[in-house]
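Report on the following structure.
Just so it is clear, none of the values below were taken in a lab; they were calculated from the coordinates. Everything numeric here is computed off the predicted structure, so don't read it as measured data. Please note: Cβ atoms are built from the backbone with ideal geometry, for glycine as well, and neighbour counts cover all protein chains shown.
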Amino acid sequence: MTKRGYLDSGRIDQKRRTRNILIKAAADLIAQGRDVSISDIVNITKIGRTTVYRYFPTLDVLIANAALWKVAGPDQSEIDTRVAQASSPAERIDAMVVENDRLTNRHSREFRAMLRVSLDNGAKGQQRARVRYFAFQRALADLEKVADKATVEKLICALTLTVGIEAQIVLKEICLLNDAEAREVKRWVAKVLLNAAIPVDKQKPRDSRSRTKA
């Protein structure tokens, strides 16, 4: 169902590592107060200029990714940890929505900058990192045991609409909701989507065995 881009075909793990190396190099330059150039990135990472442009078609795209990674990276790791601690699909999805909402509000300026760059470069085939997609995919991996793969994939794609700066803009600037109201709408929509795709009685925790204290 989902179109596979450059980052999702072939040596996927290696490509993601390469992309992260490039972003980190740019983020380090930003942290040092230095201007970022493709030549600097090539010199620091020893990755060829052609390869750099394969991941980031313009310097602006790389800088936007680096700035966002610099401020939001630690928060994203915390989100992954909190989601992993939840047991049921409903709890994991709710944790994802709530924590992502906080992340987006906290770093709204950087997410908006990324969105602008993404819109400007979309016609050039720039593929975003799809962080939210893969986060939901990890959170719902066990649902393939109780539902067909196509249904789970459709659910993941639908849930990506409930988070991120795009959802935030619609709810706060078009629907004119405040932060708390926007967050509750996201949570409600995510729950509706999950229950529509997977019957509640099939949404079992990862480990359904009873836990007893020793």
(request) Go through segment 134-148 residue by residue and turn each phi into a ³J(HN,Hα) via Karplus (6.51, -1.76, 1.60, θ = phi - 60°); whole Hz please, and just put x for glycine and proline. (result) 5, 5, 5, 4, 5, 5, 10, 4, 6, 5, 5, 7, 10, 9, 6
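Calculate the dipole size of the chain relative to its Cα centre from +1 charges on Lys and Arg beta carbons and -1 charges on Asp and Glu beta carbons; express the result in debye to the nearest 20.
Working: 39 positive and 26 negative charges, 137 e Å.
Roughly 660 debye, rounded to the nearest 20.
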(request) Could you list the residues of segment 52-91 with an amide nitrogen less than 20 Å from a label point located 7 Å from the Cα of R17 in the Cα-to-C-beta direction? (result) 52-56
(request) Please turn the phi angles of segment 64-73 into ³J(HN,Hα) values with the Karplus equation 6.51 cos²θ - 1.76 cosθ + 1.60 (θ = phi - 60°), one per residue in order, whole Hz, x for glycine and proline. (result) 4, 5, 5, 5, 5, 4, 5, 8, 9, x
(message) Explain nothing, just the number: dipole magnitude of segment 39-92 about its Cα centre with +1 on each Lys and Arg Cβ and -1 on each Asp and Glu Cβ, in debye rounded to the nearest 20.
(response) 260 debye
(message) Modelling each spin label as a point 7 Å along the Cα-to-Cβ direction, I'd like the D142/K202 distance in nm, to one decimal.
(response) 1.6 nm
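L59: net charge of surrounding residues, Cβ under 12 Å, Lys/Arg +1, Asp/Glu -1, itself excluded?
Net local charge, L59 excluded: -2.
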(request) Using just the helices of the chain, give the 222 nm mean residue ellipticity in deg cm²/dmol: DSSP H runs with n ≥ 4 each add -39,500 (n - 2.57), and the total is spread over all residues, rounded to 500. (result) -21000 deg cm²/dmol
(request) Provide the per-residue ³J(HN,Hα) series for segment 88-98, in order, calculated from phi with Karplus coefficients 6.51, -1.76, 1.60 and θ = phi - 60°, each as a whole number of Hz, with x at glycine and proline positions. (result) 8, x, 4, 5, 5, 5, 4, 4, 4, 5, 5
(message) Can you find, among I93, I156, Y55, the residue sitting farthest towards the positive end of the charge dipole of the chain, where Lys and Arg contribute +1 and Asp and Glu -1 at Cβ?
(response) Y55
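Applying 1/(1 + (r/R0)^6) with R0 = 35 Å to the Cβ-Cβ distance of K191 and R116, what FRET efficiency is obtained, to the nearest 0.05?
Values: r = 31 Å, r/R0 = 0.89.
After rounding, the FRET efficiency stands at 0.65.
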(request) With a cut-off of 14 Å, note down the residues of segment 44-63 whose backbone N falls inside the zone around a label point 7 Å from the Cα of I38 toward its beta carbon. (result) 47-63
